[in-house]
Every structure is written in C-alpha cells, then in structure tokens.
Amino acid sequence: MLLILPVHRCRDVEHGTNCLQAEHRIPISKDVITSSSASAMWFIRDVCGIVCAVITWLLVLYAEFVVLFVMLLPSKNLTYSIVNGTLFNTLAFLALASHLRAMCTDPGAVPKGNATKEYIESLQLKPGQVVYKCPKCCSIKPDRAHHCSVCKRCIRKMDHHCPWVNNCVGENNQKYFVLFTMYIALISLHALLMVVFHFLYCFEDDWTKCSSFSPPATVILLILLCFEGLLFLIFTSVMFGTQVHSICTDETGIEQLKKEERRWAKKTKWMNMRAVFGHPFSLLWFSPFSTPDHGKAETYQYVV
C-alpha cells in the first residue's frame, strides 16, 4: 500500500552534493533503514540527560532507604515487613531495570549519512526515482520518523525525547519506557500507603519505638518520601496513560503535537498493543528483560 507524502515534510528537503535530492518517493524495505548498530550498546552523551538519569536512580534509592530502615526493619510485625519489603524491592528492581533498558536501547535510529549517491545507486532504482532524505543527518528517512536534535539522529516512530531516561522514546524502546512509568507509579503508590500506615502506627505507639531514628528525623524522612511519592505518582501515572493512549491510537506524541495527517493503515487497539509489547500476549509483556517480538516487519513505502 502506497502512502501519500505529507506536505509539511517537504521542508526537510535541501540540495547537496553528498546527499541525494528528494523529489519522488519509492518503496524502501525496513531492513535498509534499520540502524546498523542495533545490537551495540546505545548511550546518549547528553549532560542534562545523564544528570536527570542519575537523579532518577538516587530518588529510587532514597525511597528504598526510607522504606527499609525507617519503616520495615524497625517494625515488630515480621510478616508485614517481609511481604511489603519483597513487594517494594521487586517493583523497584523492575523499575530500574526498565529505566536501564529504555536508556541503553537503540530507539530506532536510522543509519546516519547513508543517503549518498553511491549508496542509492547500489539500490538499483528505476530512472527518475529517488528517496527521501533528512538534510540534518543525511540519512534515508522513513515515514513517521523524526529528527532528534539531542540524539542527532532520525528516530523511527519517535514519540518524544525524555531526559529522565536520557534517550528518545521510539519504535524499539517504547515498551521499556511504558514499563518504567508503570513500575515507578506502583512503587510510589506503595510507598505512600506504607507512609500512611507508619504514621498511624507511630501516633498510637511511642515514636521512639516505631523507628531507629529520632522522632524529628523520622518525621522529616517520611514527609520527604511522601512528597516524592506523590509527585512521581502523579507524573508517571499521567505519562503512563499518555503512552498507552498513544499506542492504542497508533499516533506518536510528535504526530499529535504537529497534528500530522494519518497516512498509515488503521489497526485495532489490541494489534497496536501487540506491535509494541510483542506477539502474542504473555507475562513477558511486563518484563524489561524480554525483547518484544514485533511480528512480521512491514515495509516503508512512499510516493508523491
């Protein structure tokens, strides 16, 4: 099925001696534009993104410290401590693992600088046919791909660039970003519930017996955790809902922001979910260690 080129995309066209001019568009296999470094480690050297990623880990570790050493270990109820400690640590581990996968996974970068005349000639195109290229990174640009000024690459199905994971959210790592927001929201909710129960317990009992820290220090630590948990619960819940809605409608954040006209086939919500999390449905959908099987890859096809 051929897709019509959106008018606004023509602004990316420019003439150059090393890159092919873009006037018409032709079917291009996804394999041609897949990043050649898909199996290599991916890491963006952006100072702001690295700082935000480190802050994310430090905040999770702070929550871990308060939950364990202020609320659970001093508790007299061993069953309560074991159950909540196991649950919180499991969710925290999955959240950090999802963050690491989202940060170190190639989001779907298009090979940089491959839109040269020599390379296009090797594709043996028909006379008069040329491919669309990005003038910023000089690459063959597939439909629904956008150029990221931070990553300095064109990213397939780019949703947005997130400094908290120091990476773009795109075709290959959207699953891990969704899991990251989900698990952060869950541990934030769990921490808030434990803070409430701990305050109620301390009010009924002697404050000196409900924590190994002094009462003022305990109150300050719990208030800070409560503030952190509430802030991240709201933020990640909104992000999680936004991402799920984006997946179900098969429309990325950038496409919604730019109000780009839909030029791709419409699928059911369930098909869109499986396209991101893998075929078929299984518990591996919720595992950051499982690479989703996207099914049979579709080809990118363009025409003017």
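The values are calculated or read from the model by the stated rules, or taken from the named source; none is laboratory data. What you see is a predicted model, and the numbers here were worked out from it, not measured in a lab. With ideal geometry, Cβ positions are generated from the backbone for all residues, glycine too; neighbour counts draw on all protein chains shown. Surface areas here come from the heavy atoms of the whole protein model, side chains and all, with no ligands, DNA or RNA. Shrake-Rupley method; radii C 1.70, N 1.55, O 1.52, S 1.80 Å.
Which residue is modelled with the lowest pLDDT, if the candidates are limited to region 26-67 and must be buried (at least 17 other Cβ atoms within 10 Å of the Cβ) and small (Gly, Ala, Ser)? Only one residue tops the list, namely Ser35. Any chance region 162-177 includes a residue that's among the polar types (S, T, N, Q), open to solvent by 50 Å² or more (accessible area, probe 1.4 Å) and in a loop (DSSP other than H, G, I, E, B)? No - not one qualifying residue is present in region 162-177.
Considering region 199-253, and only residues there that are more than 15 Å from the chain's Cα centre (by Cα) and of a type in the set (Ser, Thr, Tyr), the residue that is modelled with the highest pLDDT turns out to be Thr249. Could you look through region 68-80, keep only residues that are within 22 Å of Val219 (Cβ to Cβ) and open to solvent by 20 Å² or more (accessible area, probe 1.4 Å), and pick out the one that is farthest from the chain's Cα centre (by Cα)? Per the criteria, the residue is Lys76.
Filter region 283-304 for residues that are at pLDDT 90 or above and of a type in the set (Ser, Thr, Tyr); which is surrounded by the fewest Cβ atoms within 10 Å (Cβ to Cβ)?
Residues of region 283-304 that are at pLDDT 90 or above, as a first pass: 283-291.
Subsequent filtering for residues that are of a type in the set (Ser, Thr, Tyr) retains 287, 290-291.
Numbers: Ser287: 16, Ser290: 16, Thr291: 14.
Within region 283-304, the match that is surrounded by the fewest Cβ atoms within 10 Å (Cβ to Cβ) is Thr291.
Scanning region 151-161 for residues that are of a type outside the set (Lys, Arg) and buried (at least 24 other Cβ atoms within 10 Å of the Cβ), we see that the one that is farthest from Trp57 (Cα to Cα) is Cys154. Applying the condition of being open to solvent by 10 Å² or more (accessible area, probe 1.4 Å) and over 23 Å from the mean Cα position of the chain (by Cα) to region 133-150 and asking which residue is farthest from Lys259 (Cα to Cα) yields Cys138. Checking each residue in region 251-274 for being outside any loop (DSSP other than H, G, I, E, B), open to solvent by 90 Å² or more (accessible area, probe 1.4 Å) and of a type outside the set (Lys, Arg) picks out Leu257, Trp270.
May I ask you to verify whether His147 is touching a Leu at 6+ places or on another chain (Cβ under 9 Å) and closer than 20 Å to Ile254 by Cα? No.
Within region 141-164, the set of residues being of a type in the set (A, V, I, L, M) and modelled with pLDDT of 90 or more comprises Val150, Ile155, Met158.
Looking across region 86-126, the residues that are farther than 15 Å from Arg153 by Cβ, open to solvent by 20 Å² or more (accessible area, probe 1.4 Å) and among the β-branched types (Val, Ile, Thr) come down to Thr86, Thr90, Thr116.
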